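Only one structure is covered here, and it is reproduced in the block below.
The values are calculated or read from the model by the stated rules, or taken from the named source; none is laboratory data. On a predicted model such as this, the values are computed, not experimentally measured, just so you know. Quick reminder, even Gly has a Cβ in these numbers, built from the backbone with ideal geometry, and neighbours come from all protein chains shown.
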Amino acid sequence: MIINVSEIAENGLNLNLKKEAEWFNSSTEEKNGLIRVNSDIEFNLDLFKVVREISVKGTVEFGIVSSCSLCLDGVDQHIKIATNLLLSPKETVEEEGADVDHETYEGEHLDLNDYFRQQISLSLPFKVVCNEQCKGLCPKCGINMNSEKCGCDTRWEDPRFSELKGIKV
Ligand SMILES: [Zn+2]
Ligand SMILES: [Zn+2]
């Protein structure tokens, strides 16, 4: 995703583009091994030039597949992130904006590849469950308790609690 600054006209530039899942997945093999993007990544961005600064606003949408942290089933999710980025020429001093990401650019080309890969990476969930009521795997035999039943006794009593039972109040 490299944008030629001269293509950003007076009234801005709207970019609708797609990247294949591999564009992201291949860059993060190790870090996000458990979560993969499994759809095209759709960018809908509006770029505006304000004097020498360039503002990039819009959305990035894609699907991911990960594993439920309780039962390990595959879970599909749709992610949509909002982008609000301000790029300044490299030689100018950076200001801290409240809700705006601040990056710099050099020359006549904006290379937004790393920025968006990072944004996507940051948007990935830490912990995924297939649903709130997921029963997980049996801690004894390992079957998926959402779909199967086993005869294992998985009741667990806090040993401190059984001690309390003997105490008469
Ligand atoms: Zn689950
Ligand atoms: Zn079991």
Any hit, region 4-21, residues being more than 24 Å from Leu86 (Cβ to Cβ), touching a residue at least 12 places away in the same chain (Cβ under 8 Å), in contact with a strand residue (DSSP E or B) (Cβ under 8 Å, 6 or more places away or on another chain) and not in a strand (DSSP E or B): yes
Cβ pairs under 9 Å, 6+ apart, first in region 86-101 and at pLDDT below 80, second among the hydroxyl-bearing types (Ser, Thr, Tyr): Lys90/Thr104; Lys90/Tyr105; Glu91/Thr104; Thr92/Thr104; Glu94/Ser88; Glu94/Thr104; Glu95/Ser88; Val100/Ser55
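Condition first: outside any strand (DSSP E or B) and either assigned by TED's automatic domain parsing to the domain that holds Lys127 or more than 30 Å from Glu148 (Cα to Cα) (or both). Can you find one or more residues in region 84-91 that meet it?
Yes, because at least one residue in region 84-91 is outside any strand (DSSP E or B) and either assigned by TED's automatic domain parsing to the domain that holds Lys127 or more than 30 Å from Glu148 (Cα to Cα) (or both).
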Of all residues in region 116-136 being in contact with a strand residue (DSSP E or B) (Cβ under 6 Å, 6 or more places away or on another chain) and either without any contact (Cβ under 8 Å) to a residue 40 or more places away in the chain or under 14 Å from Ser67 (Cα atoms) (or both), the one that is nearest to ligand 2 (Cβ to nearest atom): Cys130
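For the subset of region 100-118 comprising residues that are in a strand (DSSP E or B) and of a type outside the set (Asp, Glu), which member is farthest from the chain's Cα centre (by Cα)?
Across region 100-118, the extreme among qualifying residues is His109.
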Unique match (being among the charged types (D, E, K, R) and closer than 24 Å to Ala21 by Cα) among Lys149, Lys127: Lys127
Breaking point among (1) at pLDDT 90 or above; (2) part of a loop (DSSP other than H, G, I, E, B); (3) touching a Leu at 6+ places or on another chain (Cβ under 8 Å), for Lys140: (3)
Residue satisfying condition, being modelled with pLDDT under 95 and assigned to a loop (DSSP other than H, G, I, E, B), within set Ser121, Ser69: Ser69
